[in-house]
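The values are calculated or read from the model by the stated rules, or taken from the named source; none is laboratory data. Computed from a predicted structure; not experimentally measured. No Cβ is skipped: glycine too gets one built from the backbone with ideal geometry, and neighbour counts run over all protein chains shown. For accessibility, only protein heavy atoms count, side chains too; no ligands or nucleic acids. Shrake-Rupley method; radii C 1.70, N 1.55, O 1.52, S 1.80 Å.
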Amino acid sequence: MEAETTHTSNHSNQDVDSAEVAVVLAAELEPTICCRSERFDDLYDNFAAVLAEICKLYEDDRPIEAHRLLTELETCLTRYHTSSAHEGVTHAHKLAELEAQLHSQTILDIKQDATDIEQMLSQLDDVSDWTFVADHKGDKVWYKKEKNSPCWSFRLEGHIETPILHFLSCLNEVDLMPSWVPQMADAKDLKVLSRFRRLVCARFNLPWPVSNRDCAVYGTGCHIPDTKTIVILLRSVPFGPEFRGTSIPAPPDRTVRAWLNFGGFRMTVLSPTSCKVEAMFNADPLLSYVPHWAINWVSQMLCHFLLVKMRSQAAKVTGSVYEERIKHNRYVYEEIENRLEHIHTVASNLL
């Protein structure tokens, strides 16, 4: 068996969308409700309502919009904070009161999601420091060893010609993933947090002499506003028996818990039945030595065949259990349909 280590890590045609995403994530925004007024009391009076709207956006699975408004709110506070007095009255105690409200777990989650999404998109946009592995009929794979880190990253891209809703259903139905994801032996939801946010545990059978792996991850999906881009973000939850009140099962015997710093998918909708799919995963393999054959195996087998299997499974949704779940779980899939309709409208306007 392999020597294992303990985890020490820390946490083309895309040009138009990438530029738009950068604008959204940079949050260089025009002032709205809080910052239009020069009066501190207007900020103070409206603060609770704006903070509630931020939290509601996040609960509605719109983390980019939530982060956008949060950044603006923090900009307002910074502006008043740099001046110790406003209108001749010191507001230091009120500013401290407002700033304290920006340290809730929800606010921290919004910032973490936005940071990880931005980092993932940045990695997908720049392939200059990646090692190209192969191009299998348009399915491309890269890898790289992260500097000063035990982590490795893998990147893949390809196209899928199938109804986008069908493809997304394959990624949404976690318990059905072992039927098509390479090497996945088991997968289940640990807790559904919202329509598109959840805690998931999955187990993978790996070839000897590497021990099997499992992972416990937080996942979220969203649409980048005013673009044709859908993202799915994944990251490991901290090692331990529970995470924010949710029990995290221990790894089975002879299984090592993997660590995913961040990763996920970017889907660029090209038409109602076509999308470009890109994915990247930054992970610590928890090995004291990573042999070259293992990198080749992950790159060519897992990454390449992941795209092949996704394409094949999405093409078989009609008449399957996936279609049944789409029909019955309208709480989730109606919202996906509504957002896809908006994306198609955006795509038409960009032509």
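Observations on the model:
- Förster radius 30 Å - calculated FRET efficiency between Asp186 and Lys145, Cβ distance, rounded to 0.05: 0.55
- Figure note: Glu99, Glu334, Glu341, Glu65 ranked by solvent-accessible area, largest first, 1.4 Å probe, ligands and nucleic acids not counted: Glu341, Glu334, Glu99, Glu65.
- Residues Asp61, Asp186 ordered from highest to lowest accessible area at a 1.4 Å probe: Asp186, Asp61.
- P(r) of region 60-204 over all Cα-Cα pairs, binned every 5 Å from zero, in whole percent: 2, 7, 10, 12, 15, 16, 13, 8, 6, 5, 4, 2, 1, 0
- Phe239 - accessible surface, heavy atoms, 1.4 Å probe, Å² rounded to 10: 100 Å²
- For Asn212, the residues 5 or more places off, or on other chains, whose built amide H falls under 5 Å of its own are Leu206, Val256.
- Solvent-accessible surface (1.4 angstrom probe) belonging to Glu59, in square angstrom, nearest 10: 110 Å²
- Taking the empirical scaling 2.2 N^0.38 Å for compact globular proteins as reference, region 135-278 has a Cα radius of gyration ratio of 1.12.
- With a cut-off of 13 Å between beta carbons, the residues surrounding Thr246 carry a summed charge of +3, where Lys and Arg count +1 and Asp and Glu -1.
- Note on region 218-246 and region 144-198: Cα centroid distance 11 Å, given to the nearest whole angstrom.
- Where a label projected 7 Å from the Cα of Ser179 along Cα→Cβ would reach, residues of region 193-207 with amide N under 20 Å: 201-205
- Each residue of region 216-276 gets 128 Å³ once the volume of the Cα convex hull is shared out per residue.
- Computed from label points 7 Å out along Cα-Cβ, the spacing between Thr106 and Thr75 is 2.3 nm.
- Cross-link pairs exceeding 23 Å between alpha carbons, from the set Lys137/Lys327; Lys191/Lys309; Lys276/Lys309: Lys137/Lys327; Lys191/Lys309.
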